[in-house]
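Quick notes on the structure that follows.
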């Protein structure tokens, strides 16, 4: 196992809501460390970037950005597949050890706060899937419809039901499966550890000390404006055509986690004729604003984070002064 050298900089984690400037900040940090002779490898902490083919709507790093620095956990799986928080933790811990062993600096970057929470604080072990239980749930759904099973879920696990759409087949199925196997709601597995008082005083990843830098805007209007501009740019870059190509595969449907990602869900509804195209930009921006609000709520539950103002014009200079190779905690060798 790679042992921590006291002269090594800690693992760096950069978190923030969507459109807060994480990519630019990560590249600035990477360039500063590289200029000092230490290479940086970026580990994505984003549940949308794992899917192949979801490029525009996920704001995936450009080919040039990915050529400049090694990126991990991007284009990992097909959009028909699922990727859990537990799988992310295992992958991230393995990668941090491997990156350290190569003499490079791991930089974890993203906005999927459940992944960060799971990485730093752990998740209670969920029961394994049971094909017989799933088959029975699917048979009942075929007879009654997923909205009826969503109503049943609301009786036994109102917390989970409240965050699921009535036709979110995969997630409703899993929540009912957990209830039937474990006799306790899915939400209890997620909330139990996170609500405990004994949160770690110092963050670690794979036995390595870690600093969590949070990009949190002071101005909500600033963030909302950036969200609107970015979604408009995604539409201009061809997001609708990207979803058309995904639909043309024939193996995707709107209940999949990949197709429920913000932006993709709204475009799919438009192409299905369920919502007018004229409202797509506003619906996509509104859904992204709601996502950002949830991300900030999760982020603020991590007391160990070091907050930087995302809307500060001097953000990058401040970030480099705090976390760059010339910072007091990590002098340039």
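The values are calculated or read from the model by the stated rules, or taken from the named source; none is laboratory data. The structure displayed is predicted, hence computed values, not measured ones. With ideal geometry, Cβ positions are generated from the backbone for all residues, glycine too; neighbour counts draw on all protein chains shown.
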Answer yes or no as to whether residue 80 is in the same structural domain as residue 263 (by TED's automatic domain parsing), closer than 27 Å to residue 308 by Cα and in contact (Cβ under 8 Å) with a residue 60 or more places away in the chain.
no
Members of segment 236-280 found to be closer than 16 Å to residue 291 by Cβ, touching a helix residue (DSSP H, G or I) at 6+ places or on another chain (Cβ under 6 Å) and free of Cβ contacts under 8 Å to residues at least 24 places away in the same chain, listed by number:
266
Out of the residues in segment 97-123 that are in a loop (DSSP other than H, G, I, E, B) and surrounded by 17 or more Cβ atoms within 10 Å (Cβ to Cβ), state the one that is modelled with the lowest pLDDT.
123
Across segment 39-73, the tally of residues that are out of contact with any strand residue (DSSP E or B) (no Cβ under 8 Å at 6 or more places or on another chain) and part of a loop (DSSP other than H, G, I, E, B) stands at 10
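If a residue has to be modelled with pLDDT of 75 or more and surrounded by 15 or more Cβ atoms within 10 Å (Cβ to Cβ) to count, how many in segment 190-206 make the cut?
Final tally of qualifying residues: 4.
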Checked segment 82-114 for anything more than 16 Å from the chain's Cα centre (by Cα) and over 15 Å from residue 205 (Cβ atoms); matches are 102, 103
For segment 129-144: of the residues being in contact (Cβ under 8 Å) with a residue 12 or more places away in the chain and assigned to a helix (DSSP H, G or I), which is surrounded by the most Cβ atoms within 10 Å (Cβ to Cβ)?
137
Taking segment 79-96 as the search range and keeping residues that are in contact with a strand residue (DSSP E or B) (Cβ under 9 Å, 6 or more places away or on another chain) and not in a helix (DSSP H, G or I), which one is surrounded by the most Cβ atoms within 10 Å (Cβ to Cβ)?
79
Given the conditions (1) under 16 Å from residue 223 (Cα atoms); (2) touching a residue at least 24 places away in the same chain (Cβ under 8 Å), which single one is not true for residue 306?
(1)
